[in-house]
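Note sheet for the following structure.
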Amino acid sequence: MRLSPGFLSSFLALAFLSPQQISAQGAAFVYISNVIGTESGGIAIAGVEEQTAAALDNLGEALRERGLDYADVVVSNVFLRDTRHFQAMNGVYRTYFQQNPPTRATVQADLLDPNALFQISVVATGDAREVVTPPGLKSPALPYSWGIKVANTLFLSGATSRNPETYQPVTGDVQTQTRRVFGNIGLVLEEAGMSFADLVSCRVFLDDPRSFGVMNAAYAEFVPERDPPARATVRAPLMNVVFSTEIQCVAVSSPDRSVVRPEGQARRRLPFSPGIDTGDRVYLAGMTGRGGDAAEEARAALGRIRSTLEAASLDFTDVENVWIYLADVRDWDAVRAVLDETLGAHAPEPTVVGSRLMGRSLVEIQIVVKR
């Protein structure tokens with residue numbers, strides 16, 4: 001069954017009303033997903049600036065209901081229907097996050113609501129936070145911080161290929177840009193007292209999926225060979241046409257770090273792990289599955305996730321954050337039904353992103369679970 005646009009707008013705008021606060025050792029995170037602003041008082045909002053303001057107002061209401069405010073947001077993922085809206089969106093966005101803004105990644109994506117131009121998902125915390133600004137990395141002209149550290153967890157902004165001294169784009173092929181991206185990530189890690197060995201999860205947004213193999217080769221030069229971070233890679237147009245790759249990461253400093261791999265699964269040659277266990281959380285890679293349609297693929301992907309969780313003595317009741325990547329957002333109803341059936345009614349509201357995947361997969365699912 002397809003949802004009507006009006007119902008879907010209301011559902012997405014109000015999805016944040018179900019609290020998703022997760023306590024952890026030394027940190028508590030709140031996840032708020034798929035916030036939009038397409039109408040007010042039953043009247044449609046058309047422009048991107050107006051929709052951005054309405055969505056961020058909705059986000060502020062959700063934060064206040066949890067005893068938080070905009071200053072408590074540490075991660076922001078912004079999805080735009082059209083990259084041409086980037087500057088207009090930024091003009092509004094920066095008025096809500098004026099000092100020490102959250103880390104951020106912004107990409108173009110297909111949105112669930114056909115009337116939405118702007119969609120945002122965030123991670124927030126009431127715990128103490130430290131903005132990480134490397135002296136060798138020029139402060140961004142855009143409204144985001146390079147890194148924010150909460151206890152032993154470091155959230156990094158989506159990094160693109162920029163000269164660390166001037167903030168100007170460093171052009172070149174995918175290999176050149178991926179190496180520059182990791183150079184900048186390394187500066188943030190170093191300033192936070194961490195290294196590439198502490199990366200636990202990465203999202204790679206690749207402008208051209210044909211560059212996947214070249215990106216992988218450069219990516220593998222930086223991540224640890226024995227226990228590389230979990231990862232999801234999807235196709236997404238970036239905000240500047242000269243960039244080919246954007247990489248958004250999480251790092252955790254933990255003596256309990258280990259790879260989580262289903263029993264009997266051989267180590268893969270690709271530079272990412274099925275899951276990384278930090279002792280209090282497990283970060284899983286984006287997983288796909290085979291099937292005749294999106295629902296079957298989602299069910300198979302969730303089966304793989306279940307096997308990985310069982311290897312860590314966990315199950316779906318421990319899930320705290322879910323991302324769903326869809327090659328076609330029209331498959332969301334069918335995928336949602338499988339999620340509800342598998343994860344249960346109390347599962348966190350997922351961030352849903354419409355983007356092409358690597359290969360011919362229709363669905364990719366990436367989750368974080370808490371011990």
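The values are calculated or read from the model by the stated rules, or taken from the named source; none is laboratory data. These numbers were taken from a predicted model, which means no experiment stands behind them. We place every Cβ from the backbone using ideal geometry, glycine too, and count neighbours over all the protein chains shown.
If you scan the stretch 316-350, which residues turn out to be modelled with pLDDT under 95, under 26 Å from residue 273 (Cβ atoms) and out of contact with any strand residue (DSSP E or B) (no Cβ under 7 Å at 6 or more places or on another chain)? Scanning the stretch 316-350 gives a single hit, 317. Put simply, of 134, 101 the only residue that is in the same structural domain as residue 158 (by TED's automatic domain parsing), touching a strand residue (DSSP E or B) at 6+ places or on another chain (Cβ under 9 Å) and surrounded by 16 or more Cβ atoms within 10 Å (Cβ to Cβ) is 134. Among the residues of the stretch 184-210, those that are assigned to a helix (DSSP H, G or I) and either within 22 Å of residue 138 (Cβ to Cβ) or modelled with pLDDT under 95 (or both) comprise 184, 185, 186, 187, 188, 189, 190, 191, 196, 209, 210. Is it fair to say residue 150 is touching a Pro at 6+ places or on another chain (Cβ under 8 Å) and buried (at least 17 other Cβ atoms within 10 Å of the Cβ)? Taking the combined requirement at face value, the residue does not satisfy it. Among the residues of the stretch 90-144, those that are assigned to a loop (DSSP other than H, G, I, E, B), more than 23 Å from residue 61 (Cα to Cα) and either in contact (Cβ under 8 Å) with a residue 40 or more places away in the chain or of a type in the set (Lys, Arg) (or both) comprise 109, 114, 133, 134, 135, 136, 137, 138, 142.
The set of residues from the stretch 179-202 being among the β-branched types (Val, Ile, Thr) and within 14 Å of residue 146 (Cβ to Cβ) comprises 181, 185, 188. Is it true that some residue in the stretch 5-20 is modelled with pLDDT under 95, among the aromatic types (Phe, Trp, Tyr) and under 20 Å from the mean Cα position of the chain (by Cα)? Yes, that holds for at least one residue. Filtering 223, 181, 234, 170 for residues that are under 22 Å from residue 278 (Cβ atoms), crowded, with 16+ Cβ neighbours inside 10 Å and modelled with pLDDT of 95 or more leaves a single hit, 223. For the stretch 235-258, the criterion of a residue being assigned by TED's automatic domain parsing to the domain that holds residue 148, of a type in the set (D, E, K, R) and closer than 19 Å to residue 363 by Cα is satisfied by at least one position. Among the residues of the stretch 286-298, is any surrounded by fewer than 19 Cβ atoms within 10 Å (Cβ to Cβ) and not in a loop (DSSP other than H, G, I, E, B)? Yes: one or more hits. Inspect the stretch 217-240 for any residue being more than 18 Å from the chain's Cα centre (by Cα), within 26 Å of residue 131 (Cβ to Cβ) and of a type in the set (D, E, K, R) and give the result as yes or no. Checking the stretch 217-240: not a single residue is more than 18 Å from the chain's Cα centre (by Cα), within 26 Å of residue 131 (Cβ to Cβ) and of a type in the set (D, E, K, R). Checking every residue in the stretch 337-356 against the condition of being assigned to a strand (DSSP E or B) and among the basic types (Lys, Arg) gives zero matches.
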